[in-house]
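Student: Dumping the structure here so I can ask a few things about it.
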Amino acid sequence: KPTVAIVGRPNVGKSTIFNRIVGERISIVEDVPGVTRDRIYSSAEWLNHDFNMIDTGGIDIGDEPILEQIKAQAEVAIDEADVIIFMTNGREGVTDADEYVAKMLYKTKKPVVLAVNKIDNFEQRDFMYDFYSLGFGDPFPISGSHGLGLGDLLDEVANHFPHMEEEIIEDDVIRFCLIGRPNVGKSSLVNAIVGEERAIVSDVAGTTTDATDTPYEYEGQKYKIIDTAGMRKKGKVYEKTEKYSVLRALRAIERSDVVLIVLNAEEGIREQDKRIAGYAEEAGKGLMFVVNKWDAIEKETNTMDNFTKEIRKHFMFLDYAPILYVSAKTGRRVTDLFEMIRLISDNHALRIQSSVLNEVIEDSIARNPAPQEKGKRLRIYYTTQVATKPPTFVVFVNDPNIMHFSYVRFLKNRLRESFGFEGTPIRIITRERS
Ligand code: GDP
């Protein structure tokens, strides 16, 4: 999928446009903390184009002066996007800060589409002419608050979409990534897996995302480790910001089958870990916890059990994700990762035979009938699996409005008891039988 980034000085209306374009995306997950708030990255659609959007305005690098912020945001756009929307404010004309953004964007060969926001009616179109001086050709007038002009703008953006070679997804390769806070040991783990030399990735300009992925083979199974920028040369200011690492993590998650949430045994569980895990869950990928730096822990009889309890307490929504205790430093249990990843990947792609599925559901209903809701009893007619990765089931009922979420949870648990599904989320959708 191509990626589109919006850049521009503060207060030109970047977030409004971002939200207009991505629309309100409703999360299917009800109990994951903090996932949908404060988005700077989302998938979007225009006509028959699927793409990803980044609002670089949300990447805040702390106390740096405003020009530094703008610079960092423009750099993110240049690094990450295929097409850049350069946004300005028609009411204020071209400002010094706009010229500064323009200067940053001259450095990239990527297509830049100039948008002039706050052009709310036809008369105000005259404000646009000023913007030719920025040197990005015809400006596109838009109005974020009225939702005007977005169609023409997006048509132009889509004209510049690169001819994406569809990422060739080889069926026999399991793709996984490691996500987690800085310093939990993600790069060290990759090094421990593949050996120091191979994981050091050059920072040559123009290397495609794909080139930074690391292929690996273990016991006859092919894997691909999807890069999350953790392995690259670090140094740019914005790479230290949490929003940016989240952005990189999201992009890696999207391209993976299985996501390894790496925790630091020495530091325990932090709020940020939960947020990161929330993103992984929302994406519907296979999941496991990897507790790294286990070598550095003073162990008593129950140390591992206690840590496991902590994880289960903090990540209740991920009770199906297995946990592995490893040390990148000593290499202990690092190879066990592969058996786990393979199992999770199998479960993630599991398809259950319809007859077996319906037997389990019928048996569940017999054991624990749905309680009455609004004076009406739920009737389940039949269930069918409509997708894998993650396994997704549609339950046909008499009235979806009386399907209580606790009953959905009960059915999910029953499916897990019957079919395993260790390490993969499962989704249940309720539909009225027509
Ligand atoms: P990243 O930011 O998540 O990629 O973390 P790094 O791989 O750069 O590791 C951060 C620090 O933790 C480095 O100083 C590593 O040497 C150290 N470290 C990584 N793994 C282990 C481990 O298993 N045990 C110990 N004791 N230290 C580790």
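Student: For Ala283, work out the one condition from (1) more than 16 Å from the ligand (Cβ to nearest atom); (2) over 30 Å from Ser43 (Cα atoms); (3) of a type outside the set (Asp, Glu) it doesn't fulfil.
Tutor: With respect to (1) more than 16 Å from the ligand (Cβ to nearest atom); (2) over 30 Å from Ser43 (Cα atoms); (3) of a type outside the set (Asp, Glu), Ala283 is out only on (2).
Student: Looking only at residues that are in contact with a Lys or Arg (Cβ under 7 Å, 6 or more places away or on another chain) and over 21 Å from Gly268 (Cα atoms) in the stretch 174-196, which one is surrounded by the most Cβ atoms within 10 Å (Cβ to Cβ)?
Tutor: Ile174
Student: If you don't mind, there's one more thing I want to ask. Filter the stretch 394-406 for residues that are assigned to a strand (DSSP E or B) and of a type in the set (Val, Ile, Thr); which is farthest from Arg433 (Cα to Cα)? Step through it out loud before you land on a result.
Tutor: Of all residues in the stretch 394-406, those assigned to a strand (DSSP E or B) come to 394-397.
Pick out the ones that are also of a type in the set (Val, Ile, Thr) and you get 394-395, 397.
On the way: Val394: 10, Val395: 9, Val397: 6 Å.
The residue in question is Val394.
Student: For the condition over 30 Å from Ser256 (Cβ atoms) and surrounded by 15 or more Cβ atoms within 10 Å (Cβ to Cβ), what is the one hit in Val397, Val360? I'd like the intermediate steps shown before the answer.
Tutor: Values: Val360 fails: over 30 Å from Ser256 (Cβ atoms).
The unique qualifying residue is Val397.
Student: Suppose we filter the stretch 89-102 for residues that are under 14 Å from Tyr132 (Cα atoms) and not acidic (Asp, Glu); how many remain?
Tutor: So the first thing to find is which residues in the stretch 89-102 are under 14 Å from Tyr132 (Cα atoms), and the list is 89-90, 93-95, 98-99, 102.
From what's left, not acidic (Asp, Glu): 89-90, 93-95, 102.
Residues flagged as under 14 Å from Tyr132 (Cα atoms) and not acidic (Asp, Glu) within the stretch 89-102 amount to 6.
Student: Identify the residue in the stretch 126-140 that is part of a loop (DSSP other than H, G, I, E, B) and within 14 Å of Val94 (Cβ to Cβ) and, among all such residues, is farthest from the chain's Cα centre (by Cα).
Tutor: Looking only at the stretch 126-140, we keep the residues that are part of a loop (DSSP other than H, G, I, E, B), and these are 135-139.
With within 14 Å of Val94 (Cβ to Cβ) added as a condition, the list becomes 135-136, 139.
On the way: Gly135: 34, Phe136: 31, Pro139: 32 Å.
Filtering the stretch 126-140 for residues that are part of a loop (DSSP other than H, G, I, E, B) and within 14 Å of Val94 (Cβ to Cβ), the one farthest from the chain's Cα centre (by Cα) comes out as Gly135.
Table: residues versus (1) farther than 30 Å from Phe122 by Cα; (2) among the hydroxyl-bearing types (Ser, Thr, Tyr); (3) modelled with pLDDT of 90 or more; (4) away from the ligand (no atom under 16 Å from the Cβ).
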{"residue": "Leu134", "(1), (2), (3), (4)": "no, no, yes, yes"}
{"residue": "Leu150", "(1), (2), (3), (4)": "no, no, yes, yes"}
{"residue": "Ile168", "(1), (2), (3), (4)": "yes, no, no, yes"}
{"residue": "Asn183", "(1), (2), (3), (4)": "yes, no, no, no"}
{"residue": "Val194", "(1), (2), (3), (4)": "yes, no, no, no"}
{"residue": "Arg198", "(1), (2), (3), (4)": "yes, no, no, no"}
{"residue": "Asp203", "(1), (2), (3), (4)": "yes, no, no, no"}
{"residue": "Thr214", "(1), (2), (3), (4)": "yes, yes, no, no"}
{"residue": "Ala229", "(1), (2), (3), (4)": "yes, no, no, no"}
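Student: Kindly indicate whether any position in the stretch 242-259 is within 14 Å of the ligand (Cβ to nearest atom), assigned to a loop (DSSP other than H, G, I, E, B), buried (at least 18 other Cβ atoms within 10 Å of the Cβ) and modelled with pLDDT of 65 or more.
Tutor: No - not one qualifying residue is present in the stretch 242-259.
Student: Within the stretch 286-330, restricting attention to residues that are in a strand (DSSP E or B) and within 14 Å of the ligand (Cβ to nearest atom), which residue is nearest to Ser42 (Cα to Cα)?
Tutor: Restricting attention to the stretch 286-330, the residues satisfying the condition of being in a strand (DSSP E or B) are 286-292, 323-325.
Still in the running and within 14 Å of the ligand (Cβ to nearest atom): 290-292, 324-325.
Details: Val290: 27, Val291: 29, Asn292: 30, Leu324: 31, Tyr325: 33 Å.
In this case the residue turns out to be Val290.
Student: If you go through the stretch 65-72 one residue at a time, do you hit one that is on the phi < 0 side of the Ramachandran plot, among the basic types (Lys, Arg) and buried (at least 16 other Cβ atoms within 10 Å of the Cβ)? Spell out how you get there, then give the answer.
Tutor: Our first condition is that a residue be on the phi < 0 side of the Ramachandran plot; within the stretch 65-72, this holds for 65-72.
So of that shortlist, the ones also among the basic types (Lys, Arg) come out as 71.
Next, only the ones that are buried (at least 16 other Cβ atoms within 10 Å of the Cβ) stay: 71.
Checked the stretch 65-72: at least one residue is on the phi < 0 side of the Ramachandran plot, among the basic types (Lys, Arg) and buried (at least 16 other Cβ atoms within 10 Å of the Cβ).
Student: Follow-up. Against the definition (part of a loop (DSSP other than H, G, I, E, B), away from the ligand (no atom under 16 Å from the Cβ) and either of a type in the set (S, T, N, Q) or buried (at least 18 other Cβ atoms within 10 Å of the Cβ) (or both)), how does Gly278 come out, yes or no?
Tutor: On the way: part of a loop (DSSP other than H, G, I, E, B): no; away from the ligand (no atom under 16 Å from the Cβ): yes; either of a type in the set (S, T, N, Q) or buried (at least 18 other Cβ atoms within 10 Å of the Cβ) (or both): yes.
Answer is no for this residue.
Student: Still on this structure, I have one more. Which members of the stretch 231-241 meet the condition of being at pLDDT 70 or above and touching a helix residue (DSSP H, G or I) at 6+ places or on another chain (Cβ under 9 Å)? Give the derivation first.
Tutor: First pass over the stretch 231-241, keeping only residues at pLDDT 70 or above: 236-241.
Once the filter is applied, which keeps residues that are at pLDDT 70 or above and touching a helix residue (DSSP H, G or I) at 6+ places or on another chain (Cβ under 9 Å), the stretch 231-241 yields Lys236, Val237, Tyr238, Glu239, Thr241.
Student: In the list Ile323, Ile361, which residue meets the criterion of being within 33 Å of the chain's Cα centre (by Cα) and closer than 17 Å to Leu415 by Cα?
Tutor: Numbers: Ile323 fails: closer than 17 Å to Leu415 by Cα.
Step by step, each of Ile323, Ile361 is checked, and only Ile361 is within 33 Å of the chain's Cα centre (by Cα) and closer than 17 Å to Leu415 by Cα.
Student: Can I ask one more? Determine whether the stretch 407-416 contains at least one residue that is at pLDDT below 95 and assigned to a loop (DSSP other than H, G, I, E, B).
Tutor: no
Student: Moving on to the next point. Answer yes if at least one residue in the stretch 343-361 is on the phi > 0 side of the Ramachandran plot and of a type outside the set (A, V, I, L, M), and no otherwise.
Tutor: Looking only at the stretch 343-361, we keep the residues that are on the phi > 0 side of the Ramachandran plot, and these are none.
No, that holds for no residue.
The values are calculated or read from the model by the stated rules, or taken from the named source; none is laboratory data. The shown structure was predicted, so the numbers you read here are calculated from the model rather than taken from an experiment. A quick note on method: Cβ atoms are made from the backbone with ideal geometry, for glycine too, and the neighbour counts reach across all protein chains shown.
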